Every structure is written in structure tokens, then in C-alpha cells.
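The values are calculated or read from the model by the stated rules, or taken from the named source; none is laboratory data. Everything quoted here is computed from the prediction, not taken from an experiment. Positions of Cβ are generated from backbone atoms using ideal geometry, with glycine treated the same way; all protein chains shown enter the neighbour counts. Each accessible area value is taken on the protein alone, full model and side chains, heavy atoms only, with ligands, DNA and RNA left out. Shrake-Rupley method; radii C 1.70, N 1.55, O 1.52, S 1.80 Å.
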Amino acid sequence: TPLALSLFCTLSDQYPPEVIGTLQGCNAAVTSLDFDPQEQLLLAGSNDFSCRVWGIADQRLRHALTGHSNKVTSAKFLGDAGKVVSGSNDRTLKVWDLRNKACIRTIFAGSSCNDLITGDQSGTSVISGHFDKRIRFWDIRTDSSANEISLQGRITSLDFSPDRSSLLCSSRDDVLKVIDLRMHGVTHSFAVDGFKLPSDTARACFSPDGQYVACGSSDGSIYVWNVNSGQLEKTSPKEHNGAVLTCTWHPSGEFMLSGERSKRAIIWRE
């Protein structure tokens, strides 16, 4: 049975939030979501080995991108709404041209990709995190990694700081690290007793102002650290029914959304 994505409106105090749309098409669990720069399209990666793109206004499926031979763990728009890059457990990254509806480059990364982010607005730079505990930096015009950083655990997620000078990464040694992208060195590490990443694709994130980092844990809580002090700022109540797989702030910083495996999401507000 095809799965559906629901779109919610969070602009008011209405609870529960109003469902404003349903996007159909995926045949397995959705692993990542990304809006294009104009917020007119929504991109999803899926465990059905594919990516899909929908129009937000008409909720119509625009593209189904097939070609990976294993689960797509992450997919992002690349510079503009005309290109997409995806990473997969098949150990490849693929670049897709939506205008021509074709894969235009396959990069053999050497290890299963758990997450990726796009490095700049030019659409030529990609950073990927891998099962082999390495972060790889790519110029997609070539097939080789321009640089890489090795950590102590399998990389589960990557996120830019708001000024894009730092990179937050989470890894299966149950530590969040902030990396200075100019020096390619770790500047901050965050860990605490009780915090444990629940999966190889658990997602951590910066707050919109870059002052905090957050990540869900196997114990059903969200842990939030202060970047400047390095101290644990707060731990959420255990409202989830199990491990928290992902969390992200609303761009305003007023809300946080977290999700669990049992198809349940929670909106948090101060």
C-alpha cells in the first residue's frame, strides 16, 4: 500500500495543527524531506530505493527518481529546484537533472551513505556522512572526494550552522560534534549519560540561531545542548512511545518537531 506524507499548518495556535495536504506515492518509509529554495516543491527520499518530488500548491507528484539499488537515506535540492542529489545504502551518490528527468552523475562513495547536505548555492559541493565513520567532501564535477574527516563512530547525520561555517555531525559513539569547516577540526563535543543514538540515520540539528544543538535519543527524550558553554541545556519529557529518530526546529525557533518510528510526531513549544 503506498504511503502518504501529510502537510500541516503551524502558523496558528490551533491544536491539533490543520492538515493542509496529503502527498501520495512512496511505497516504503520516507527517510528524508527537503524543500526547494522557493518552497514550492518538496523532495522525499524513501526506503523503496527512490526519490520523489511534489508540488506544494497542487500536491501533485512531479518526479519519481529511480536508479538506486538500495534504500535512499537522504536527498537534497542541489543549488536550485532543477537538480537533486541523493545518497543511498548502495554506496553511491546520484545527481539528478529534474528538467531532463535523468540521473546525470553517479559517484561511487565506497561506503553506505547515511546523510548528506549541499555545500553552497552553486550546486557543485556536497558533504556526505558514511557507515565507515567518515565525512566526505565532494565537488560533483569530479568523481573523487576532495577531502574527508574520520570520526569514532558511524556518521548518522549532518547539519550546517546558520552561517555555514560549522558542521554538526552525530555518530554511533553517541557523541555530537561540531566541526570548523575552515580548519576541518572538531571544536565542540556533546555527550551525557543516558543519551544514545537510536539508529544509523538518527538526525541531529542546529537551532535557527546556532546557539543550541539537539538530538533525539533511544530513551524517548530530546537532548538540547548550549553550543557556547558545552553544557546540557535541557532534556524533554518522555512523551514519545519509543526512540526519537529525528528532530528539527521551525525556522522561527518557536517550535520543534520530533518523530518516532511508530508514525507519530510531536510539536514542542516553550
(request) Anything over 31 Å Cα to Cα? Flag those among 76/263; 234/263; 133/238; 83/196, in the order listed. (result) 83/196
(request) Quote the charge dipole size of the chain about the Cα centre in Debye, to the nearest 20; the model charges only the Cβ of Lys and Arg (+1) and of Asp and Glu (-1). (result) 800 debye
(request) Quick one: pull the percent of accessible area on the chain belonging to carbon and sulfur, 1.4 Å probe, ligands and nucleic acids left out. (result) 48 percent
(request) Subtract the Cα-Cα distance of residue 199 and residue 234 from 0.36 nm times their separation in residues, and report this length gain in nm to one decimal. (result) 10.4 nm
(request) Could you tell me the distance between the Cα centroids of segment 218-270 and segment 109-149, to the nearest Å? (result) 27 Å
(request) Apply the Karplus parameterisation 6.51 cos²θ - 1.76 cosθ + 1.60, with θ equal to phi minus 60°, to every residue of segment 229-245 and state each ³J(HN,Hα) to the nearest whole Hz, in sequence, with x for glycine and proline. (result) 8, x, 8, 5, 7, 6, 10, 6, x, 7, 7, 6, 7, x, 4, 8, 8
(request) Above 25 angstrom, tally the Cα pairs of the chain and express them as a % of all pairs, no decimals. (result) 43 percent
(request) Just subtract the alpha-carbon distance of residue 152 and residue 62 from 0.36 nm times their residue separation and send over the number in nm, one decimal. (result) 28.4 nm
(message) For a protection proxy built on the mean count of beta-carbon atoms within 10 angstrom, sort 242-255, 42-55 highest first, please.
(response) 42-55, 242-255
(request) Compute the accessible area per residue over the chain, keeping the other protein chains in place, probe 1.4 Å, unit Å². (result) 48 Å²
(request) Could you rank the peptides 25-35, 66-76 by their average count of other C-beta atoms within 10 Å per residue, with the highest value first? (result) 66-76, 25-35
